[in-house]
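What follows is one structure encoded as structure tokens, with my remarks underneath.
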Amino acid sequence: MTQATTQTETKAEGFEPRIVAFVCNWCTYAGADLAGTSRLQYAPHVRIVKLPCTGRIDPLFILKAYEGGADAVLVSGCHPGDCHYTSGNYHARRRWTIFRRLLSLAGVEEGRLFFSWVSAAEGQKFADLINDVTAQVKAAGPFKHNPARRQAW
Amino acid sequence: MARIGVFICHCGENIGRTVDCAAVAQESAKLPGVVVSLDYKYMCSDPGQQMIKNAIAEQKLTGVVVAACSPRMHETTFRRAAAEAGLNPYLLEMANLREHCSWVHEDRPIATGKAVDLVRVMVEKVKRNRALYPIQVNVEPTAMVVGGGIAGIQAALDIAAGGKKVILVEKSPSIGGHMARLSETFPTLDCSQCILTPRMVEAASHPNITLMTYSEVEAVDGFIGNFEVTIRKKARYVDPAKCTGCGSCYTKCPQKKIPSEFDALLGKRSAIYTPFPQAVPNKPVIDAEHCTMLTKGKCGVCKKICPRDAINYEDKDELVKVKVGAIVLATGFELWDHSKYGEYGGGRLVDVIDGFQFERLASASGPTAGEIRRPSDGQVPHTVVFIQCCGSRDEKQGMAYCSKICCMYTAKHAMLYRHKVHDGRAVVFYMDIRAAGKGYDEFTRRAIESDGAEYVRGRVSRIYRRADGKLIVRGADTLAGRPVSIEADLVVLADAVVPRKGGEKLAQMCGVGYDTNGFYSEAHPKLRPVETAAAGVFLAGACQAPKDIPDTVAQASACAAKVLGLFAAPKLEREPIVARVNQNLCVHCRACINTCPYGATQDREIKDRQGNVVKVVAEVNEGLCQGCGTCVAICRSNAIDLDGFTDEQIFAEIATLE
Amino acid sequence: MVANINEIQSAAAALLNEGKVKLVLGYRVRGNDRVPAFVTQADQVGCLAYDSACTQNLAAYLRKGEVRSRMPLAVVARPEVMRSLMLLTAESQIAEGQVTVLAVDEQGFHGVLDLAGTAKLLNEQYARIAPDSSLMEQLAKIEAMTPQERSAFWSEQFEPCTRCYACRAACPGCFCERCIVEMNTPQWISTAAESHGNFAWHMIRAFHQAGRCVECGACQDACPQGIPLMLLNHFIAREVEREFDARNGYDPQAEPVIGSWKQDDKQEYIR
């Protein structure tokens, strides 16, 4: 997977994307741990910000990541029905549904915002997800038309 | 000024092989606020921990980042070490260099670069951590058990044996539940009443158990350790303090034709009644619906006959408030209504009965004194057909799940019938025989091999009554691959086990979830099978899922262990990761109150010195909050924040990643 | 002016005379403008006016202490304003008995209602307020653009924003004690009138209206720079209805759309 990822690097020579991931503690963070204990190799560009629950994720976090120049944002938590807090992910899902549509209308292109459910048992899914997201962002190149980006003075 | 210590663990070769730990330590030392940055082979070892402790003391650290394995692995270890060195444990954070970096990347420079990032982020976070202290919650060491069947009785007895008080609430006039109605029990065929009634008596006489029969839970407020429960004591019209249980009243009561619920409507009872002779408490109640004194003001026989003047026609429902620290829900089950199956007579054929009716026919204390006689004409049936999976494993008309107990009790029914009617024929229609359990498969084999029950694998497609009174049972024998038609005198349907009607209301009161079938949801299907999403509320018996008696008793005892564990200390300590409302910013739009999965966000009236309400705001109940932070993100005013994951901390983490 | 303006005036006078309200919030004419009228005496009702130019959403005044201290009060309300009152009820900002409605639309005055009566009228008479067709056309055009074009379009629209927050002041739904944009610990949204701060502000302002905006248009009318805020508002209202089958401001007991959930909410974008 990792090799495949590096081969898709076409758009910008030597482009190493910056991807910020907001994940919940109980499922996706644990899924990432499992990817580790299973020694699954994946692309190294994603930086995780751990929250207790996807319900904690405010759209402001996503905007802030874009503002700081993230090439993509990934949000991941427990599958529906698996939330450690029973319904945080359902609340989060509603917020995302609207916010991602709004961002799209405002010009944030496809492939700059990813959502996934990754359970604590899905180490492989986590690794595949990271590789796939990284490959897509690499292929798309730097997020040049990022409307949220802080401009240099 | 922040004084942060960074400790990089090699984890032997686990991290060190792919991450240049010394380089990470060097880079970390340059970060603003970092006053000490060290790497070591095994940070979790005693010398490793000692290194952290010494640095905390010598360098007067205000925060610590341990860059090692996953916090799920050793956060507790390192936080304890920090606390031992006098640093508040919540001023320590971990950067996950092993699971999230060294184990998943091979390129050493890249992995090292990522490791530096992970440390940077955590250094910025920990600078914004504040000291947190475990939340202490008072615990009222009394439990309430809802439901007086075998689950509730067992849970109550075990809690009481542990020295704690129990209030056992039962909605019918007697405890005992369904088990009291059974004739014999599988797989040993011992008499149900013989093993149950001593427990019922023990529960009633135990000094730590308060029985509240003929009572229902009306409201539940509060939270773990501190529930306030309102219980409705229904009007009994008989003063239990005066009544001796002599029985004159129900012997003389002129209303004797009321179908007995206990006898599954096959027997009759009077309007003033005890459900069965061994009832506990053995004191009658008046059924207000059928008593002519209460409905029409005519009669009064029981009052005249009562030697103790215990009858009071003016009795009213009474609401009682109790304070309890834990709640056990043991509300049990009922049988699915087979009248939905038109092909089985739609409930109109009187000789097509359910499992409980057969239990009562087989019971020595039942309406036929233990003789198997069919309801229509009281004749002994010569052919009985038993149909398993009636409503179970039927997604279309019934329930999708397996009711678990029917294979066993149908085998028992067939056996009991053959023991009582030696020349009778017992035919069992089944889909599969699911007899997993100690001695269970042997039991079903015995029914077939020793007791001559004829097992036919297949579904029954139709039952109808022929003019001569015979029930014609048509079905398929799928093993032989041919249709079968049996002339039966009695048909017993193994109706699906379903939760009690109206159980959702109780679940909502307690904050307990339930599935689409209405069974109460446990907190985790494997690892927390007796807890619920509501802290301090536990589940025992068939209210959670279909269960037989041994499983029910085991779960009830597990509940008791959980309750006694909770009551072991006078105060409960909770992780201080909770939400807090800034009441100056809150405009009381109630979005958070609507959102909280635990009902932890609540209205709070702010009053002036005169006691006038100046404004209403949201407030988080620390006892209930589980720290998910959903309310925080929902709040447009950012008037709520979550300790441990504050906006400032997360903002700093994101900003560090620029 | 609507035909039966004197009926509004006499209804207002009656409410004040009978002591049922302490204040009538309405409109009056000032030159070519329509401005709010705060009538506290029955003999002042003659200034009350209503016509289609009265676009300000008077429900926005209900968060102000000076107005709240004069409750119970009456508000001259067209259907969108009535919907704002439903939202404010659902979000516990006002309660039955505090606000009386003088219901109006372009045809004229339709009587004095309590909040329950207002809910009934809204659902019976105004259940479907067709969105402005030019708005839908513009939106369709934007949606047909490439992401880069959309980004450029909005950056051009947001560029003149001076962050005066007139949009916020005009909106009855913006009743926060302190707006998120004014929080500085941490400062999520830059307050400087430059591209990223403007973008974040307009995104969050619009998002905070999800499931709440009644599309009265007051924010856009108030904007001195002519930023097409209604495009964002209408877009979000449309998405909320499509995704969650919810229409804002019709049910005074409604659960918040963002803040409730259904198990089968769509999630085709989540892998």
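Taking beta carbons within 10 Å but only from partner chains, what does the mean come to for residues B:104-111?
Across the residues of B:104-111, the mean count of other-chain Cβ atoms within 10 Å is 4.
Pairs of alpha-carbon atoms within less than 8 angstrom and 6+ residues apart define the contacts here; what relative contact order does chain B have, in percent?
13
List the trypsin sites (Lys or Arg not before Pro) in the stretch B:424-498 that DSSP assigns to loop (not H, G, I, E or B) and whose Cβ has at most 14 other Cβ atoms within 10 Å. Which are they?
B:Lys438, B:Arg466
If you take all C-alpha pairs in chain B, what percent of them are over 43 Å apart?
43
Compute, for the stretch B:3-139, the length of the dipole vector about the Cα centre, with Cβ point charges of +1 (Lys, Arg) and -1 (Asp, Glu) only. Units Debye, rounded to 20.
440
Looking at chain C, which Cys residues are left with no other cysteine's beta carbon under 4.7 Å from theirs?
C:Cys47, C:Cys54, C:Cys161, C:Cys164, C:Cys176, C:Cys179, C:Cys213, C:Cys216, C:Cys223
Using the Karplus equation 6.51 cos²θ - 1.76 cosθ + 1.60 (θ = phi - 60°), what ³J(HN,Hα) coupling, rounded to whole Hz, does each residue of the stretch C:15-32 give in order, writing x for Gly and Pro?
4, 6, 4, 7, x, 6, 9, 9, 8, 10, 9, x, 10, 9, 9, 9, x, 8
Apply the Karplus curve 6.51 cos²θ - 1.76 cosθ + 1.60, θ = phi - 60°, to the phi angles in the stretch B:343-357 and return the couplings in whole Hz, x for Gly and Pro.
Using θ = phi - 60°, the values come out as 5, 9, x, x, x, 8, 8, 5, 8, 9, 10, 9, x, 5, 5 Hz.
To make sure I understand the rule: partners must be lysines, Cα under 25 Å from the Cα of B:Lys420, and not fewer than 8 residues away in the same chain. Which ones qualify?
Filter leaves B:Lys268, B:Lys412, B:Lys470.
Of all beta bridges DSSP finds with both residues in the protein assembly as shown, what is the antiparallel percent, to the nearest 5?
Of all bridge pairs located within the protein assembly as shown, approximately 45 percent are antiparallel.
Determine the sum of side-chain charges near B:Asp309: Lys and Arg each +1, Asp and Glu each -1, restricted to other residues whose C-beta is under 11 angstrom from that of B:Asp309.
Net charge in that neighbourhood comes out at +3.
If the only charges are +1 at each Lys and Arg Cβ and -1 at each Asp and Glu Cβ, what is the size of the charge dipole of the stretch A:17-140 around the Cα centre, to the nearest 20 debye?
Computed about the Cα centre, the dipole is about 240 debye.
Restricting to chain B, what percent of DSSP beta bridges are antiparallel, rounded to 5?
50
Only helical DSSP H runs with n ≥ 4 go in: add -39500 (n - 2.57) per run for chain A, normalise by residue count and round the 222 nm mean residue ellipticity to 500 deg cm²/dmol.
That comes out to -12500 deg cm²/dmol.
Compute the distance from the alpha-carbon center of the stretch C:103-167 to that of the stretch B:594-658, in whole Å.
Each part's Cα centre sits 31 Å from the other's.
Semi-axes, largest first, in whole Å: what does sqrt of 5 times each Cα gyration tensor eigenvalue give for the stretch B:508-569?
For the stretch B:508-569, the ellipsoid semi-axes come out as 18, 16, 9 Å.
Counting only helical runs of four or more DSSP H residues, what would the 222 nm mean residue ellipticity of chain C come to if each run contributes -39,500 (n - 2.57) and the total is spread over all its residues?
-11500 deg cm²/dmol
Quick one, what does Rg over Rh come out to for the stretch B:583-658 if you take C-alpha atoms and the Kirkwood Rh?
1.06
Given R₀ = 56 Å, what would the calculated FRET efficiency be for B:Asp515 paired with B:Thr251, taking r from the Cβ atoms and rounding to 0.05?
Approximately 0.75, to the nearest 0.05.
What does the extension gain come out to for B:Asp608 and B:Lys60, with contour length at 0.36 nm per residue minus their alpha carbon separation?
192.9 nm
So what's the convex hull volume per residue for the Cα atoms of the protein assembly as shown, in Å³?
It comes to 242 Å³ per residue, whole-number rounded.
Can you give the convex hull volume of the alpha carbon atoms of chain C per residue, in Å³?
151
Among B:Phe78, B:Phe651, B:Ala467, which residue has its Cα positioned farthest towards the positive end of the charge dipole of chain B, with +1 placed on the Cβ of Lys and Arg, -1 on the Cβ of Asp and Glu, and the dipole taken about the Cα centre?
Toward the positive end, the furthest listed residue is B:Ala467.
Summed for both chains, how many Å² of accessible area, to the nearest 100, are buried between B and A with a 1.4 Å probe?
Buried: approximately 3500 Å² between A and B.
Please list, in chain and number order, the residues 5+ apart from C:Arg28 or on another chain whose amide H is under 5 Å from its amide H, with Hs placed from the backbone.
C:Val35, C:Ala37, C:Ala49
Find how many whole Å separate the alpha carbon centroid of the stretch B:450-510 from the alpha carbon centroid of the stretch A:81-153.
For the stretch A:81-153 versus the stretch B:450-510, the Cα centre distance is 52 Å.
How high is the relative contact order of chain A, in percent, with contacts defined as C-alpha pairs under 8 Å that are six or more residues apart?
That works out to 38 percent.
Go ahead and estimate [θ] at 222 nm for chain B from helices alone: -39,500 (n - 2.57) per DSSP H run with n ≥ 4, summed, over the residue count, rounded to 500.
When only DSSP H runs of four or more count, the value is -8000 deg cm²/dmol.
Over the stretch B:23-158, what is the relative contact order in percent, taking alpha-carbon pairs closer than 8 angstrom and at least six residues apart?
23
Show me the trypsin sites (Lys or Arg not before Pro) within the stretch A:49-147 that DSSP assigns to loop and that have at most 15 other Cβ atoms within 10 Å of their Cβ.
Those that pass, being in a loop and sparsely packed, are A:Lys144.
Return the average number of partner chain Cβ atoms within 10 angstrom of each residue Cβ along peptide C:191-198.
Going residue by residue through C:191-198 and averaging, the value is 3.
Relative to the present Cα-Cα distance, how much length would full extension add between B:Lys438 and B:Asn88 at 0.36 nm per residue of separation?
Taking 0.36 nm per residue and subtracting the Cα distance, the gain is 120.9 nm.
Convert each backbone phi in the stretch A:133-144 into a coupling constant with the Karplus relation 6.51 cos²θ - 1.76 cosθ + 1.60 (shift: θ = phi - 60°), then list the ³J(HN,Hα) values in order as whole Hz, x for Gly and Pro.
4, 4, 4, 4, 5, 4, 5, 6, x, x, 7, 5
May I ask for the angle, rounded to the nearest 10°, between helix C:229-244 and the longest principal axis of chain C, with both axes built from Cα atoms and the value confined to 0 to 90°?
Between the helix axis and the principal axis of chain C, the angle is about 80 degrees.
Past 27 Å, Cα to Cα: identify those pairs from B:Lys125/C:Lys64; B:Lys165/B:Lys303; B:Lys234/B:Lys256; A:Lys64/B:Lys127; B:Lys165/B:Lys321, in the order given.
Where the Cα-Cα span goes over 27 Å, the pairs concerned are B:Lys125/C:Lys64; B:Lys165/B:Lys303.
Using modelled backbone amide H atoms (1.01 Å from N, in-plane), which distant-in-sequence or interchain residues come within less than 5 Å of A:Val75's amide H?
A:Phe22, A:Phe114, A:Phe115, A:Ser116
Which percent of Cα-Cα pairs in the stretch B:335-498 sits in each 5 Å bin, short to long?
2, 9, 19, 23, 23, 16, 7, 1, 0
So, by mean Cβ neighbours within 10 angstrom, what's the order for A:40-48, C:209-217 with the highest one leading?
Ranked from most to least packed, the peptides come out as C:209-217, A:40-48.
Sum up the charges of everything whose Cβ sits under 14 Å from the Cβ of C:Met230, counting Lys and Arg as +1 and Asp and Glu as -1, but leave C:Met230 out.
Neighbourhood net charge equals -3.
Ignoring ligands and nucleic acids, what accessible area does A:His145 show with a 1.4 Å probe (Å², nearest 10)?
Only protein atoms counted, so the area is about 80 Å².
Within the set of other residues whose C-beta is less than 11 Å from the C-beta of C:Arg271, count the net charge using Lys and Arg as +1 and Asp and Glu as -1.
Combined, the nearby Lys, Arg, Asp and Glu give -2.
Antiparallel DSSP bridges in chain C: what percent, to the nearest 5?
Roughly 55 percent of the beta bridges in chain C run antiparallel, per DSSP.
Identify the residues of the stretch B:448-491 with backbone N under 12 Å of a label point that sits 7 angstrom from the Cα of B:Arg348 along the Cα-to-Cβ direction, or state none.
Label zone hits: B:464-465.
Restrict the search to the stretch B:286-337; then list the GluC sites (Glu not before Pro) that DSSP places in a loop and that have at most 10 other Cβ atoms within 10 Å of their Cβ.
Hits after loop and neighbour filter: B:Glu289, B:Glu314.
Along Cα→Cβ, 7 Å out, is where each label goes; now give me the distance between the ones at C:Glu243 and B:Ser45 in nm to one decimal.
Taking the simple label geometry, C:Glu243 and B:Ser45 are separated by 5.3 nm.
Angle between the Cα long axis of helix B:406-420 and the longest principal axis of chain B, 0 to 90 degrees, nearest 10?
30
The values are calculated or read from the model by the stated rules, or taken from the named source; none is laboratory data. Model, not experiment: these values are computed from the prediction. Neighbour counts run over all protein chains shown; Cβ positions are idealised from the backbone, glycine included. Side chains are part of the model used for accessible areas, which takes the heavy atoms of the whole protein and leaves out ligands, DNA and RNA. Shrake-Rupley method; radii C 1.70, N 1.55, O 1.52, S 1.80 Å.
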